[in-house]
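The values are calculated or read from the model by the stated rules, or taken from the named source; none is laboratory data. Please read all numbers here as calculations on a predicted model, not as lab measurements. No Cβ is skipped: glycine too gets one built from the backbone with ideal geometry, and neighbour counts run over all protein chains shown. Keep in mind that these areas ignore ligands, DNA and RNA; they rest on the heavy atoms of the full protein, side chains included. Shrake-Rupley method; radii C 1.70, N 1.55, O 1.52, S 1.80 Å.
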Amino acid sequence: MITYHSTRGSKSTFSFKDIVLSGVAEDKGLYIPNKTTLDNLSTLTQEDLSYEDFVKTIFIALDKNSASYLDDLKIYPGFENSPEPVIREIKSGKYIMELFHGPTKSFKDYALQPLGAIADKRLEEIGERGLVIVATSGDTGSAAIQAVKDSDNIDIVVLHPANKISAYQRKQMTTVIQPNVLNIAVEGSYDDCQRIAKELLATNPFQRRIISLNSINWLRVMGQISYYVWLTKQFSSPINVAIPSGNFGNAYSAWYGRAHGLPISEILCTTNVNDVLRRFIESGVLEPNKTQPSLSPSMDIQIPSSLERLIFDLQGETGGFYDNLSSSNSSTLNIDAIAKLQSIFKSKTYLDSDIEHNITDLFTRFGVIFDPHSVTSINMALEHTSNLPTVAIATASPEKFSNVISPLLAEAKNISIDGKEEFKECSSEIQGVVNTISAYFI
């Protein structure tokens with residue numbers, strides 16, 4: 001039987017139906033399964049299945065107990081067209097997988113649409129109304145809102161860092177005027193938003209069921225593993241993947257798929273000026289710095305939450321690792337774990353000047369406009385020397401970042417959204433957030 005346990009050593013175990021609505025574990029770790037239903041994911045066949053039905057088979061392969069929630073459930077309700085990803089060859093042996101054709105033009109839709117649908121069904125099953133709390137560095141918030149805004153069983157609160165996301169991203173969240181949707185702009189960084197969200201998930205001051213739709217929820221990983229299973233089916237050889245990396249959920253999903261049979265060779269993680277992941281991959285030391293604003297705000301993260309699952313996979317229980325991080329702002333993997341990490345992962349940092357150059361350069365060379373996050377993975381894929389195909393993950397539509405792209409390229413389409421901008425301002429103090437949410441929903 002598949003059970004879920006904390007990365008930090010708690011002896012409590014949970015089932016699939018338990019972790020659907022979960023956030024952090026009681027010991028503040030993240031949930032991870034003890035195994036999967038199908039050990040080798042590469043044996044799955046798409047045959048004549050639609051992408052949506054194929055994803056359902058992947059969920060069941062990861063945990064057969066998900067089947068009861070998937071029967072007759074539309075898991076991509078927000079997609080106007082087929083959710084099947086788009087693959088383009090940009091140069092011989094170099095490909096791009098576009099994951100931005102969903103309702104919010106971000107790869108987050110691919111995991112949050114199924115998670116929202118399954119969470120809604122689970123809440124209806126137990127007769128409760130859930131309160132979703134989400135921290136966002138730009139894209140997760142709008143994707144989470146779109147996933148649950150029509151739910152009769154879910155209220156959602158989104159915390160985003162004030163003035164540190166693009167205008168398009170902010171308007172995507174704050175112009176959804178629904179009674180079950182609340183946006184709060186936090187004076188601080190994404191890491192401050194994530195800290196508040198984790199504290200609320202752990203302490204639950206509202207006396208109602210609180211749910212996380214961030215990448216700390218295991219179903220987010222399941223949804224993202226799904227497109228890596230699909231991706232590897234499009235090639236006759238193993239592949240490398242290049243991923244713009246912020247909270248590490250996307251890269252971890254590729255790692256987990258690789259560990260369970262997917263023919264993925266190397267995982268290339270790109271970072272911006274907030275290069276904590278690049279430094280971690282190169283040294284095995286996790287040492288966050290102060291978050292710096294950048295042209296790629298979804299990567300403006302210094303404490304990548306989903307990295308904890310990788311650390312667990314590399315060296316076991318993570319409690320001591322994160323105790324050291326908390327006490328000294330630095331923590332180091334053991335030697336064997338560092339060797340394994342570096343045998344699979346590579347990373348490169350792209351400063352704002354690099355990103356601006358790459359936007360212009362890729363347009364000049366290929367006639368295509370890419371967003372400030374995707375240009376980093378595409379450039380690293382193009383530079384990477386390998387006999388295997390290398391696929392760059394394009395995570396967001398360039399429309400979301402016209403404020404960056406338009407000054408660089410006169411041809412770039414300047415996108416605007418009409419609508420009333422409504423959001424509540426508050427400080428980064430947790431009590432202020434609690435009071436705001438309580439006044440709105442409780």
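Compare the Cα positions of ILE90, PHE14, TYR440 along the charge dipole of the chain (+1 at Cβ of Lys, Arg; -1 at Cβ of Asp, Glu; about the Cα centre) and return the one farthest towards the positive end. Sorting the options by dipole projection puts first PHE14.
Here is the tail figure for the stretch 107-190: Cα pairs spaced more than 15 Å apart come to 53 percent of all pairs. Which residue, chosen from ALA394, VAL404, ILE184, occupies the Cα position most advanced towards the positive end of the dipole of the chain, where the dipole is computed from +1 (Lys, Arg) and -1 (Asp, Glu) charges on Cβ about the Cα centre? Of the listed residues, the answer is ALA394.
Here the chain is treated as an ellipsoid with the same Cα gyration tensor; its semi-axes, largest first and in whole Å, are 29, 26, 23. Each Lys or Arg adds one and each Asp or Glu subtracts one; over the other residues with Cβ under 11 Å from the Cβ of ILE165, this totals +2. Pairs of Cα atoms in the stretch 177-237 fall into 10 Å distance bins, from 0 up to the last occupied one, in shares of 16, 33, 29, 15, 7, 0 percent. Each principal axis of the Cα cloud of the stretch 63-217 was taken in turn, and the coordinate range along them, longest first, works out to 56, 42, 28 Å.
For the stretch 57-200, the relative contact order works out to 18 percent when only alpha carbon pairs closer than 8 Å and six or more residues apart are counted. Over the stretch 240-281, one equal point on each Cα, no solvent: what is log10 I(q)/I(0) by the Debye formula at q = 0.24, 0.27 Å⁻¹? One equal scatterer on each Cα of the stretch 240-281 leads to -0.79, -0.93. Relative to its Kirkwood radius, the Cα radius of gyration of the stretch 209-310 gives an Rg/Rh of 0.99. Here the stretch 234-358 has 48 percent of its accessible surface on carbon and sulfur atoms, given a 1.4 Å probe and all protein chains in place. Each part reduced to its alpha carbon centroid, the stretch 1-73 and the stretch 168-191 end up 29 Å apart. Between MET1 and ILE126, the contour length at 0.36 nm per residue exceeds the alpha carbon distance by 42.8 nm.
Stokes-Einstein diffusion of the stretch 125-237 at 4 °C, 1.567 mPa s viscosity, Kirkwood radius from Cα pairs, rounded to a whole number: 85 µm²/s. Find the Rg to Rh ratio for the stretch 1-140, where Rh is the Kirkwood radius over alpha-carbon pairs and Rg uses the same atoms. Rounded to two decimals, Rg/Rh equals 0.99. Which entries of LYS290/LYS340; LYS149/LYS290; LYS56/LYS108; LYS94/LYS340; LYS121/LYS400; LYS35/LYS64 have Cα-Cα distances beyond 22 Å here? From LYS290/LYS340; LYS149/LYS290; LYS56/LYS108; LYS94/LYS340; LYS121/LYS400; LYS35/LYS64, over 22 Å: LYS290/LYS340; LYS149/LYS290; LYS94/LYS340; LYS121/LYS400.
For the stretch 90-131, the Cα-based Rg and Dmax, in that order, read 16.3, 54 Å. Near TRP255, once Lys and Arg are set to +1 and Asp and Glu to -1 for all other residues with Cβ below 9 Å from its Cβ, the sum equals +1.
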